[in-house]
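Okay, structure first, notes after.
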Amino acid sequence: MAAVPTTGRPVRGHSGAKVTIVNFDDLECQYCARLHTEFFPDTANHYKGLVKFIYIDYPLTEIHPWAMHAAVDANCLAAQNGPAYWNYVDYLHNNGSEISGSGNDPAKASARLDQLAQQEGARDHLDDAKLQACLTKQDESDIRAEMKAGEKLGVDATPTFFVNGERWSGMLEEPQLWIMIDRALREEGITPPAEAPAPAAQGQAGGGGGKSLY
């Protein structure tokens with residue numbers, strides 16, 4: 001965990017939790033959106049107070065034209081207010097198709113991203129002049145540094161996440177994520193919460209499995 005660049009990053013969950021999930025995230029990535037909107041909320045609910053989440057930017061600019069701009073804008077919000085950052089990330093991961101638009105025009109996407117960041121800043125009463133200057137500057141240096149640090153840790157795709165330093169990348173089902181968290185909790189001397197039995201899928205004999213990321 002010491003090699004993962006988490007200093008100054010917004011935290012979601014219990015700040016004193018012994019288990020940290022660090023996610024290398026791309027705000028234009030559909031699989032990242034699935035992880036963010038389905039897996040992580042279920043996980044936070046199951047492990048109430050026992051885990052915290054930190055996101056590190058890893059925009060795949062070769063295939064996601066507005067991901068870097070989104071990451072910069074998100075960090076402009078994070079510089080002033082952690083909840084504003086998370087609200088922005090929540091919106092983008094739930095509404096990525098709106099940002100891309102039918103023509104997938106990067107200029108239009110960038111303008112919409114800035115508009116959303118300004119709206120979030122107003123809702124959270126941020127310093128508007130400071131926020132606008134940050135949005136206009138579009139400084140990518142911190143994000144590039146995070147990406148370089150991620151590459152040294154073997155990150156080459158999104159989502160890639162670490163549970164107390166244990167790395168996961170690729171196909172994922174929810175039980176696999178929880179096995180990692182349970183293992184990390186036990187290493188910290190904490191008994192994991194009991195898992196309620198999952199109902200069988202409608203029309204499927206035997207149930208089993210769990211949600212799959214992709």
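Before moving on, here are some points about what is shown:
- FRET efficiency for residue 130 and residue 169, using Cβ-Cβ distance with R0 set to 45 Å, rounded to 0.05: 0.80
- Computed FRET value (nearest 0.05) for residue 97 with residue 38, which takes r as the C-beta separation and R₀ as 22 Å: 0.85
- Phi angles of segment 4-14 translate, via the Karplus equation with coefficients 6.51, -1.76, 1.60 and θ = phi - 60°, into HN-Hα couplings of 7, x, 9, 4, x, 7, x, 10, 10, x, 6 Hz per residue; Gly and Pro are given as x.
- Loop sites in segment 10-87: trypsin sites (Lys or Arg not before Pro), DSSP, at most 12 other Cβ within 10 Å: 48
- Segment 108-160 and segment 35-106 have Cα centres separated by 10 Å.
- Here the contact order of the chain, divided by its residue count and restricted to Cα pairs under 8 Å and six or more residues apart, works out to 27 percent.
- Compared with the alpha-carbon gap, the fully stretched path from residue 6 to residue 152 is longer by 51.1 nm at 0.36 nm per residue.
- Whole-Hz couplings from phi, Karplus 6.51/-1.76/1.60, listed for segment 39-48; x for Gly and Pro: 5, 5, x, 4, 5, 4, 5, 6, 10, 3
- Across 18/152; 48/130; 130/152; 52/130; 52/152, pairs whose alpha-carbon gap is larger than 26 Å: 48/130; 130/152; 52/130
- Selected from 114, 26, 73 as most flexible by GNM, with the chain as the system and alpha-carbon contacts under 10 Å: 114
Taken together, the values in this text are just the output of simple stated rules run on the coordinates, not laboratory data. Bear in mind that the values here come from a model prediction, so they are computed numbers and not experimental data. Ideal geometry is used to build each Cβ from the backbone, glycine not excepted, and the neighbour counts take in all protein chains shown.
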